[in-house]
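Chemist: Take this structure, written in structure tokens, and hold onto it; I'll ask about it next.
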Amino acid sequence: MIISTKKGTPQVELDRIVDNFEKQGLSVTLIRGTDYNVFGLVGDTTKIAEKDVLANPWVENVTRVSAPYKRANRLFHPEDTVVDINGVKVGGNAPIAVMAGPCSIEGEEHTIKMAKAVKAGGANFLRGGAYKPRTSPYSFQGLGTEGILDMVKAREITGLPIVSELMDEVHIPEFEEYVDVVQIGARNMQNFQLLKAVGKMHKPVLLKRGLANTIEEWIMSAEYIMAGGNENVILCERGIRTFERATRNTLDLSAVPVIKEKTHLPIIVDPSHATGDYKYIESMALAAVAAGADGLEIEVHNDPPHAWSDGAQCLKPDKFADVIAKCRKVAAAIGREM
Ligand code: PEP
Ligand code: MN
């Protein structure tokens, strides 16, 4: 971190600044200029917020040289993290993972039917929401525990590990017992209390990108979970809010190579919530695989017009199988299994 102080800053203030950082275990080098003094801080600066330093009226400017995250940083962990979920691996050179299923869980029979359909189409995880983050309080809110147990039944029959969204800490015991991958949805990406709580969990976490969050904020949220001791974090790009309204969100595919450069964590892409339109899923899924994504999360429903949520972006099982078959060709072309 580099800090410059204003012209004419009294020596006593400079001493105070040096003292303050040294007390925090950093080594401080002062370069004296005619107009400005510049400090170079070396050590673990992750605990220092630029804004706090700028609160000192003698400070002119603060520039961060290193990233504010440590555990997620590829610099300190050059090898790719591979998350193992009941023997199914995500990340590194593992085959590209496919998480698929309905947006909302709609009862046991339907869940089993969807699990069989997505497995036949190439999925290796069943996704489904039992606790739903809905924009309207009058929309269907999810089946809750009953929905989780429907997924458990589907796992017993198909062997597919289950991915479901956790919205509230009070459900952590239930998720520890039944769910294989704990999804943190876009709307909760910066629910720091929830992130701290899942940081103490013993299940891998699928952390979706917030609707209006930068890549750095997203990595900082992963850092929250990892700082709690849970290093099994998979990131999911699911589109961000832009001025564009032709699609539900704008899929930021460049997040894939950026995340891979900056972190060692696996990243998957959700073309369903990114586009909000079943017609665009195929092209965005193909593009995600080509971009180097470690997996896909796709919503699938046998009867999209009657889906309990997100019908407009659900693929029918046959189309889903077709999309995965095409994705496998792209994966083969870039030397990855799927
Ligand atoms: C979902 O996966 O069903 C979901 C609500 O996604 P997101 O949090 O990305 O909107
Ligand atoms: Mn959905």
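The values are calculated or read from the model by the stated rules, or taken from the named source; none is laboratory data. Keep in mind it's a predicted model, so treat the numbers as computed, not measured. In this analysis, Cβ positions are derived from the backbone assuming ideal geometry, glycine residues included, and neighbour counts consider all displayed protein chains. Ligands, DNA and RNA are stripped out before the accessible areas are found, and what is left, the full protein with its side chains, is counted by its heavy atoms. Shrake-Rupley method; radii C 1.70, N 1.55, O 1.52, S 1.80 Å.
Chemist: Out of Gly228, Gly185, which single residue is over 13 Å from the mean Cα position of the chain (by Cα), in the same structural domain as Glu106 (by TED's automatic domain parsing) and not acidic (Asp, Glu)? Before the answer, list the steps.
Modeler: Working: Gly185 fails: over 13 Å from the mean Cα position of the chain (by Cα).
On inspection, the qualifying residue turns out to be Gly228.
Chemist: Pull up region 310-338, narrow it to residues that are outside any helix (DSSP H, G or I) and either of a type in the set (Phe, Trp, Tyr) or open to solvent by 10 Å² or more (accessible area, probe 1.4 Å) (or both), then point me to the one that is farthest from ligand 1 (Cβ to nearest atom).
Modeler: Ranking the candidates gives Gly335 first.
Chemist: While we're here: For region 58-78, give me the residue count where each residue is more than 19 Å from the chain's Cα centre (by Cα) and in contact (Cβ under 8 Å) with a residue 12 or more places away in the chain.
Modeler: Qualifying residue count, region 58-78: 10.
Chemist: Taking the conditions exactly as written (among the hydrophobic types (A, V, I, L, M, F, W, C), within 13 Å of ligand 1 (Cβ to nearest atom), more than 16 Å from Ile259 (Cβ to Cβ) and surrounded by fewer than 19 Cβ atoms within 10 Å (Cβ to Cβ)), does Ala212 satisfy them or not?
Modeler: So Ala212 passes the test.
Results for (1) surrounded by fewer than 19 Cβ atoms within 10 Å (Cβ to Cβ); (2) part of a helix (DSSP H, G or I), shown as yes or no for each residue.
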| residue | (1), (2) |
| --- | --- |
| Tyr138 | yes, no |
| Glu146 | yes, yes |
| Val152 | yes, yes |
| Ile157 | yes, yes |
| Leu160 | no, no |
| Glu177 | yes, yes |
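Chemist: Quick one: in region 266-287, which of the residues that are open to solvent by less than 10 Å² (accessible area, probe 1.4 Å) and in contact with a Cys (Cβ under 8 Å, 6 or more places away or on another chain) is nearest to ligand 1 (Cβ to nearest atom)?
Modeler: Asp270
Chemist: Follow-up. Exactly one condition in (1) more than 13 Å from ligand 1 (Cβ to nearest atom); (2) more than 19 Å from Val289 (Cβ to Cβ); (3) out of contact with any strand residue (DSSP E or B) (no Cβ under 7 Å at 6 or more places or on another chain) is not met by Ser254; state its number.
Modeler: (2)
Chemist: Tell me, please, whether a residue that is of a type in the set (Asp, Glu), in a loop (DSSP other than H, G, I, E, B), surrounded by 14 or more Cβ atoms within 10 Å (Cβ to Cβ) and more than 16 Å from ligand 2 (Cβ to nearest atom) can be found in region 100-114.
Modeler: So the first thing to find is which residues in region 100-114 are of a type in the set (Asp, Glu), and the list is 106, 108-109.
This time we only want the ones that are in a loop (DSSP other than H, G, I, E, B), so: 106.
Right, trim to surrounded by 14 or more Cβ atoms within 10 Å (Cβ to Cβ) and you get 106.
With more than 16 Å from ligand 2 (Cβ to nearest atom) added as a condition, the list becomes none.
No - not one qualifying residue is present in region 100-114.
Chemist: Looking at region 16-59 only, could you name the residues that are open to solvent by 80 Å² or more (accessible area, probe 1.4 Å) and more than 29 Å from Glu223 (Cα to Cα)?
Modeler: Arg16, Ile31, Arg32, Thr34, Tyr36, Pro57, Trp58
Chemist: Let me ask something else about it. Out of everything in region 115-129 that is surrounded by fewer than 24 Cβ atoms within 10 Å (Cβ to Cβ) and in a helix (DSSP H, G or I), what residue ends up being nearest to ligand 2 (Cβ to nearest atom)? Walk me through it before giving the result.
Modeler: Quick first cut of region 115-129, residues surrounded by fewer than 24 Cβ atoms within 10 Å (Cβ to Cβ) only: 116-117, 119-122, 124.
Still in the list and also in a helix (DSSP H, G or I): 116-117, 119-120.
Values: Lys116: 20, Ala117: 17, Lys119: 20, Ala120: 21 Å.
Across region 115-129, the extreme among qualifying residues is Ala117.
Chemist: Which count do you get for residues in region 124-159 that are under 24 Å from the mean Cα position of the chain (by Cα), within 16 Å of ligand 1 (Cβ to nearest atom) and within 28 Å of Asp294 (Cβ to Cβ)?
Modeler: The total comes to 13.
Chemist: Okay, next question. Test Gly121 against the criterion of being modelled with pLDDT of 95 or more, assigned by TED's automatic domain parsing to the domain that holds Gly185 and within 14 Å of ligand 1 (Cβ to nearest atom), and give yes or no. Can you show your working first?
Modeler: Numbers: modelled with pLDDT of 95 or more: yes; assigned by TED's automatic domain parsing to the domain that holds Gly185: yes; within 14 Å of ligand 1 (Cβ to nearest atom): no.
No; evaluated as a whole, the condition is false for this residue.
Chemist: Ok, one more. Need pairs with beta-carbon distance below 7 Å; first residue under 17 Å from Ile298 (Cα atoms) and within region 97-110, second of a type in the set (Phe, Trp, Tyr) and outside any strand (DSSP E or B); sequence gap 6+ or separate chains.
Modeler: Ala100/Phe320; Ser104/Phe140; Ser104/Trp308; Glu106/Trp308
Chemist: Looking at the structure I just gave you, is Ala274 more than 15 Å from ligand 2 (Cβ to nearest atom), small (Gly, Ala, Ser) and either within 24 Å of Ala222 (Cβ to Cβ) or touching a helix residue (DSSP H, G or I) at 6+ places or on another chain (Cβ under 8 Å) (or both)?
Modeler: On the way: more than 15 Å from ligand 2 (Cβ to nearest atom): no; small (Gly, Ala, Ser): yes; either within 24 Å of Ala222 (Cβ to Cβ) or touching a helix residue (DSSP H, G or I) at 6+ places or on another chain (Cβ under 8 Å) (or both): yes.
It is false that Ala274 is more than 15 Å from ligand 2 (Cβ to nearest atom), small (Gly, Ala, Ser) and either within 24 Å of Ala222 (Cβ to Cβ) or touching a helix residue (DSSP H, G or I) at 6+ places or on another chain (Cβ under 8 Å) (or both).
Chemist: Across region 288-301, what is the total count of residues that are touching a helix residue (DSSP H, G or I) at 6+ places or on another chain (Cβ under 6 Å) and away from ligand 1 (no atom under 11 Å from the Cβ)?
Modeler: Kept after step one, since they are touching a helix residue (DSSP H, G or I) at 6+ places or on another chain (Cβ under 6 Å), are these residues of region 288-301: 289-293, 296, 298-300.
Remaining after also requiring away from ligand 1 (no atom under 11 Å from the Cβ): 289-293, 296, 300.
Residues flagged as touching a helix residue (DSSP H, G or I) at 6+ places or on another chain (Cβ under 6 Å) and away from ligand 1 (no atom under 11 Å from the Cβ) within region 288-301 amount to 7.
Chemist: Only residues that are open to solvent by 30 Å² or more (accessible area, probe 1.4 Å), β-branched (Val, Ile, Thr) and in contact with an Asp or Glu (Cβ under 8 Å, 6 or more places away or on another chain): list them for region 64-88, please.
Modeler: Once the filter is applied, which keeps residues that are open to solvent by 30 Å² or more (accessible area, probe 1.4 Å), β-branched (Val, Ile, Thr) and in contact with an Asp or Glu (Cβ under 8 Å, 6 or more places away or on another chain), region 64-88 yields nothing.
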